[in-house]
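The next block holds one structure in the form of structure tokens; read it before the comments.
The values are calculated or read from the model by the stated rules, or taken from the named source; none is laboratory data. Small disclaimer: the values here were computed from a predicted structure and weren't measured. Please note: Cβ atoms are built from the backbone with ideal geometry, for glycine as well, and neighbour counts cover all protein chains shown.
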Amino acid sequence: MVSVSVDEAMRRAIELAARGLGTTSPNPVVGCVLLDEDGQVVGEGFHAYAGGPHAEIVALAQAGRRAKGGTAVVTLEPCDHTGRTGPCSSALVQAGVGRVVIAVPDPNPVASGGAATLRAAGVRVDLGVRGEEAEAGNVAWLTSMRRGWPYVIWKYAATLDGRSAADDGTSMWITSEAARIDVHALRGTVDAVLAGVGTVLADDPRLTARNLRDGSLAIRQPLRVVVDSSGRTPADARVRDGAARTWIATADEVGAGPDGRVDLPALLAALHQRGVRAVLLEGGPRLAGAFLAAGLVDKIVGYVAPRLLGAGPTALVDAGVTTIAEAIDLEFVDVTQIGPDLRITALPRKREG
Ligand SMILES: NC(=O)c1ccc[n+]([C@@H]2O[C@H](COP(=O)([O-])OP(=O)(O)OC[C@H]3O[C@@H](n4cnc5c(N)ncnc54)[C@H](OP(=O)(O)O)[C@@H]3O)[C@@H](O)[C@H]2O)c1
């Protein structure tokens with residue numbers, strides 16, 4: 001068998017970790033590759049779902065005795081606590097692993113400390129191998145754990161001239177079926193989907209993750225959240241259809257901001273408490289504007305159709321910008337053609353001061 005370097009093993013561990021995206025919350029995605037003393041791969045694993053075995057445990061089970069004296073290459077610091085499963089640090093020590101290579105330290109105060117436990121047991125620990133790459137693969141979880149509220153992705157669909165509906169209010173559909181299939185895949189990777197009550201009243205969306213061809217529901221559904229200050233969501237709205245959990249977040253329950261509407265930071269803190277790590281903000285334009293004005297959006301995914309309307313509502317309303325110097329500056333990080341449309345991914349640039 002061919003031996004692999006620690007760097008190659010980490011690249012593979014990052015690939016393995018990505019298989020858990022969308023199903024591990026409130027836990028992170030983690031991948032692990034176990035090498036024996038000769039650098040041959042003797043075990044591989046990833047964390048597939050919350051409550052299920054951690055990546056290290058899956059890899060150790062595959063490796064059996066061949067783990068002794070070997071190297072565990074893992075994308076996140078092994079946990080040091082007993083939750084629904086036992087501490088991975090102890091399992092690695094018991095298996096006789098000689099070295100553990102970690103990409104990113106665990107920011108979760110409850111689970112961190114694995115590296116110290118391993119070192120105390122005489123295991124060599126190296127930190128930071130392919131750290132940036134592993135960080136990118138776990139960005140929503142890491143960000144939400146470090147600051148205590150979820151990672152927010154604002155998604156919208158618009159024409160090339162930035163319209164989200166025609167002048168008469170018709171909007172179905174601005175983008176192609178291929179783009180809408182992509183949106184449903186995106187919904188499947190987050191823990192909650194948010195919409196303002198304006199969108200619920202106008203479009204009556206289901207906000208579920210579905211197979212658009214046959215209408216079947218994805219196995220794991222994000223929590224549906226309607227941001228609705230005074231509880232105007234109709235009793236027969238589709239979001240109340242029981243196909244997935246729904247939370248009508250009112251100002252009474254969450255708290256009100258200075259304008260009397262739902263306090264958005266309090267809403268995000270409440271979602272974090274419920275185990276939500278990644279949120280897809282699906283609009284509409286007014287709620288998206290309020291999130292952007294408050295600096296609460298981490299990533300923007302815009303689906304832009306090769307069409308023009310010339311009139312009609314825009315994709316974004318009142319984001320707190322009145323003059324060009326206040327424009328919310330972005331960095332485009334990806335442009336991908338999806339059918340006839342473009343999917344543009346952008347990150348807001350940090351504001352000075
Ligand atoms: N193209 C797209 O991607 C896309 C996506 C979604 C929707 N849309 C379109 O958007 C239109 C609806 O737009 P909209 O702007 O009226 O609806 P919206 O943004 O979905 O909802 C706005 C409402 O959210 C409530 N809200 C609660 N807390 C808030 C806060 N802190 N800040 C701001 N709003 C808060 C407010 O009503 P209360 O004060 O009563 O709570 C507000 O009127 C529809 O025509 C729909 O088709 C387009």
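Step by step: first the residues of segment 167-194, then only those that are in contact with a strand residue (DSSP E or B) (Cβ under 6 Å, 6 or more places away or on another chain), small (G, A, S) and in a helix (DSSP H, G or I), then the one that is nearest to L296 (Cα to Cα). Which residue is that?
A179
Taking interchain pairs and intrachain pairs at least six residues apart, which have beta carbon atoms under 9 angstrom, with the first residue in segment 165-179 and more than 11 Å from the ligand (Cβ to nearest atom) and the second of a type in the set (A, V, I, L, M, F, W, C)?
D167/L309; D167/A311; S176/A305; S176/I338; E177/L212; A178/I338
Of everything in segment 225-243 that's of a type outside the set (S, T, N, Q) and in contact with a strand residue (DSSP E or B) (Cβ under 7 Å, 6 or more places away or on another chain), which residue is farthest from L201 (Cα to Cα)?
Of segment 225-243, the ones of a type outside the set (S, T, N, Q) are 225-228, 231-232, 234-243.
With the extra rule that they be in contact with a strand residue (DSSP E or B) (Cβ under 7 Å, 6 or more places away or on another chain), the set shrinks to 225-228, 231, 239-240, 243.
Values: V225: 14, V226: 11, V227: 12, D228: 11, G231: 12, V239: 11, R240: 13, A243: 19 Å.
Top of the filtered list is A243.
For segment 276-353, list the strands (runs of 3 or more DSSP E) that sit wholly inside it and hold at least 3 residues that are more than 19 Å from R187 (Cα to Cα); which are they?
Passing ranges, in order: 330-338.
Kindly establish whether V239 is touching a helix residue (DSSP H, G or I) at 6+ places or on another chain (Cβ under 7 Å), among the aliphatic types (A, V, I, L, M) and assigned to a helix (DSSP H, G or I). So that I can check it myself, show each step before the final result.
Working: touching a helix residue (DSSP H, G or I) at 6+ places or on another chain (Cβ under 7 Å): yes; among the aliphatic types (A, V, I, L, M): yes; assigned to a helix (DSSP H, G or I): yes.
In short, yes.
When you go through V101, V74, V93 one by one, which is the residue that is in contact with a helix residue (DSSP H, G or I) (Cβ under 9 Å, 6 or more places away or on another chain), over 23 Å from R11 (Cα atoms) and at pLDDT 95 or above?
Numbers: V101 fails: over 23 Å from R11 (Cα atoms); V74 fails: over 23 Å from R11 (Cα atoms).
Sole residue among the options that is in contact with a helix residue (DSSP H, G or I) (Cβ under 9 Å, 6 or more places away or on another chain), over 23 Å from R11 (Cα atoms) and at pLDDT 95 or above: V93.
All but one of (1) away from the ligand (no atom under 14 Å from the Cβ); (2) in contact with a Lys or Arg (Cβ under 8 Å, 6 or more places away or on another chain); (3) not polar (S, T, N, Q) hold for V239; which doesn't?
Among (1) away from the ligand (no atom under 14 Å from the Cβ); (2) in contact with a Lys or Arg (Cβ under 8 Å, 6 or more places away or on another chain); (3) not polar (S, T, N, Q), V239 violates only (1).
From the list L217, L268, L212, L264, which residue is closer than 29 Å to L21 by Cβ and either touching a residue at least 40 places away in the same chain (Cβ under 8 Å) or of a type in the set (S, T, Y) (or both)? Before the answer, list the steps.
On the way: L217 fails: either touching a residue at least 40 places away in the same chain (Cβ under 8 Å) or of a type in the set (S, T, Y) (or both); L212 fails: either touching a residue at least 40 places away in the same chain (Cβ under 8 Å) or of a type in the set (S, T, Y) (or both); L264 fails: either touching a residue at least 40 places away in the same chain (Cβ under 8 Å) or of a type in the set (S, T, Y) (or both).
Result: L268 is the single residue among L217, L268, L212, L264 that is closer than 29 Å to L21 by Cβ and either touching a residue at least 40 places away in the same chain (Cβ under 8 Å) or of a type in the set (S, T, Y) (or both).
Can you pull out every residue in segment 213-251 that is farther than 17 Å from G196 by Cβ and charged (D, E, K, R)? Explain how you work it out, then say what you get.
So the first thing to find is which residues in segment 213-251 are farther than 17 Å from G196 by Cβ, and the list is 213-221, 235-236, 241-245.
Matches in segment 213-251: R213, D214, R220, D236, D241, R245.
Out of the residues in segment 189-209 that are touching a residue at least 60 places away in the same chain (Cβ under 8 Å) and surrounded by fewer than 19 Cβ atoms within 10 Å (Cβ to Cβ), state the one that is farthest from W149 (Cα to Cα).
Step one: of segment 189-209, the residues touching a residue at least 60 places away in the same chain (Cβ under 8 Å) are 189-196, 198-199, 202, 205, 207.
Now narrow it down to the ones that are surrounded by fewer than 19 Cβ atoms within 10 Å (Cβ to Cβ): 189, 198, 202, 205.
Working: T189: 17, G198: 24, A202: 29, P205: 26 Å.
Filtering segment 189-209 for residues that are touching a residue at least 60 places away in the same chain (Cβ under 8 Å) and surrounded by fewer than 19 Cβ atoms within 10 Å (Cβ to Cβ), the one farthest from W149 (Cα to Cα) comes out as A202.
Find all pairs meeting these conditions: Cβ atoms under 8 angstrom apart; at least six residues apart or on different chains; first residue within segment 18-40 and surrounded by fewer than 23 Cβ atoms within 10 Å (Cβ to Cβ); second residue basic (K, R).
Going by the 8 Å Cβ cut-off, the qualifying pairs are G22/R220; T23/R220; P26/R277; D36/R66.
Within segment 195-211, take every residue that is out of contact with any Asp or Glu (no Cβ under 8 Å at 6 or more places or on another chain) and not in a strand (DSSP E or B) and give me the one that is farthest from the ligand (Cβ to nearest atom).
Taking segment 195-211 as the starting set, the residues that turn out to be out of contact with any Asp or Glu (no Cβ under 8 Å at 6 or more places or on another chain) are 198, 201-204, 208-211.
Restricting the remaining residues to those that are not in a strand (DSSP E or B) gives 198, 201-204, 208-209, 211.
Working: G198: 2, L201: 8, A202: 4, D203: 5, D204: 10, T208: 15, A209: 16, N211: 21 Å.
Top of the filtered list is N211.
Which of the residues that make up segment 292-314 are under 23 Å from G169 (Cα atoms) and touching a Ser or Thr at 6+ places or on another chain (Cβ under 7 Å)?
As a first pass, look at segment 292-314 and keep what is under 23 Å from G169 (Cα atoms): 301-314.
Residues satisfying the conditions are V301, Y303, A305, R307, L308, L309, P313, T314.
Out of all the residues in segment 228-240, which are among the charged types (D, E, K, R) and under 25 Å from the mean Cα position of the chain (by Cα)?
Going through segment 228-240, the residues among the charged types (D, E, K, R) turn out to be 228, 232, 236, 238, 240.
Result: D228, R238, R240.
Name the one entry in G255, G302, G289, G295 that is on the phi > 0 side of the Ramachandran plot, at pLDDT 95 or above and within 11 Å of the ligand (Cβ to nearest atom). Break it down stepwise before answering.
Numbers: G302 fails: on the phi > 0 side of the Ramachandran plot; G289 fails: on the phi > 0 side of the Ramachandran plot; G295 fails: within 11 Å of the ligand (Cβ to nearest atom).
Answer to the check: G255.
Working only within segment 265-279, note down all residues that are crowded, with 23+ Cβ neighbours inside 10 Å and within 13 Å of the ligand (Cβ to nearest atom). Before you say what the answer is, go through the steps one by one.
Initially, segment 265-279 is screened for residues crowded, with 23+ Cβ neighbours inside 10 Å, giving 267-268, 271, 276-279.
Listed by number, the residues that qualify are L267, L268.
Can you find a residue in segment 147-166 that is within 22 Å of V279 (Cβ to Cβ) and in a helix (DSSP H, G or I)? Before the answer, list the steps.
From segment 147-166, those within 22 Å of V279 (Cβ to Cβ) are 147-158, 164; that's our starting set.
When the remaining residues are screened for being in a helix (DSSP H, G or I), the result is 147.
Checking segment 147-166: at least one residue is within 22 Å of V279 (Cβ to Cβ) and in a helix (DSSP H, G or I).
Read through the list (1) within 11 Å of the ligand (Cβ to nearest atom); (2) at pLDDT 95 or above; (3) not basic (K, R), then give the number of the only condition that D161 fails.
Exception for D161: condition (1).
Could you list, in sequence order, all residues of segment 117-145 that are of a type in the set (G, A, S) and either surrounded by 16 or more Cβ atoms within 10 Å (Cβ to Cβ) or closer than 30 Å to A269 by Cβ (or both)?
Narrowing segment 117-145 to residues of a type in the set (G, A, S): 120-122, 128, 131, 134, 136-137, 140, 144.
Those that are of a type in the set (G, A, S) and either surrounded by 16 or more Cβ atoms within 10 Å (Cβ to Cβ) or closer than 30 Å to A269 by Cβ (or both): G131, A134, A136, G137, A140, S144.
Looking at (1) on the phi > 0 side of the Ramachandran plot; (2) modelled with pLDDT under 95, which is the only condition G122 fails?
Among (1) on the phi > 0 side of the Ramachandran plot; (2) modelled with pLDDT under 95, G122 violates only (2).
For T75, all conditions in the list (1) in contact (Cβ under 8 Å) with a residue 40 or more places away in the chain; (2) more than 23 Å from the chain's Cα centre (by Cα) hold save one; what is the number of the exception?
(2)
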